[in-house]
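Peer 1: I have a structure I would like to understand better, so I am pasting it below and will then ask my questions one at a time.
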Amino acid sequence: MEEKNLKKSIITVIGKDSVGIIAKVCTYLASNNINILDINQTITGGYFNMMMVVESEEIVKTFPDMAKELAQIGEEIGVVIQAQHEDIFEMMHRI
């Protein structure tokens with residue numbers, strides 16, 4: 001059985017800006033007991049970019065399920081949503 005403890009994860013959202021992007025992502029996170037620890041969002045030239053640091057001790061889904069569902073939400077609203085474990089994100093961005 002897969003471990004369900006989310007620990008810290010990084011969620012990125014990138015795409016053309018439209019109404020409701022933050023609301024859709026945050027609604028999904030709240031409904032899955034995922035807490036937003038930090039959030040940064042910018043709009044440049046009509047393009048939306050958001051990075052969130054999230055965690056949960058009470059998540060009812062596995063990380064791969066959460067990542068897949070977030071990606072599906074992104075497809076529905078016309079953006080790309082990716083989720084990575086904090087450890088993987090740190091290793092990828094180490095200098």
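None of the figures in this text is laboratory data; all of them are computed from the coordinates on show. For clarity, every value in this text was computed on a predicted model and none was experimentally measured. No Cβ is skipped: glycine too gets one built from the backbone with ideal geometry, and neighbour counts run over all protein chains shown.
Peer 1: Could you list the GluC sites (Glu not before Pro) in region 4-58 that lie in coil according to DSSP, counting only those with at most 16 other Cβ atoms within 10 Å of their Cβ?
Peer 2: Answer by residue number: Glu57, Glu58.
Peer 1: Continuing with this model, one more query. Under the Karplus relation 6.51 cos²θ - 1.76 cosθ + 1.60, θ = phi - 60°, what is the ordered set of whole-Hz ³J(HN,Hα) values for region 76-81, x standing for Gly and Pro?
Peer 2: Couplings: 5, 9, x, 10, 9, 10 Hz.
Peer 1: Using modelled amide H (1.01 Å from N, peptide plane; none on Pro or chain starts), what sits under 5 Å from the amide H of Phe48, excluding residues fewer than 5 places away?
Peer 2: For Phe48, whose amide H was placed from the backbone, the distant partners under 5 Å are Gly15, Lys16, Asp17.
Peer 1: Mind checking which aspartates and glutamates have their Cα closer than 20 Å to the Cα of Lys7? Skip sequence neighbours fewer than 8 apart in that chain.
Peer 2: Reachable aspartates and glutamates: Asp38, Glu55, Glu57, Glu58, Asp65, Glu69, Glu86, Asp87, Glu90.
Peer 1: Can you give the extra length, in nm with one decimal, that the chain gains between Asn33 and Ser18 once fully stretched, where that is 0.36 nm per residue apart less the Cα-Cα distance?
Peer 2: Working: separation 15, 0.36 × 15 = 5.40 nm, distance 2.53 nm.
Using 0.36 nm per residue and subtracting the Cα-Cα distance, I get 2.9 nm.
Peer 1: Rounded to whole Hz and in sequence order, give me ³J(HN,Hα) for region 65-74 from the Karplus expression 6.51 cos²θ - 1.76 cosθ + 1.60, θ = phi - 60°, writing x for Gly and Pro.
Peer 2: Those phi angles translate into 5, 4, 4, 5, 5, 5, 4, 5, 4, x Hz.
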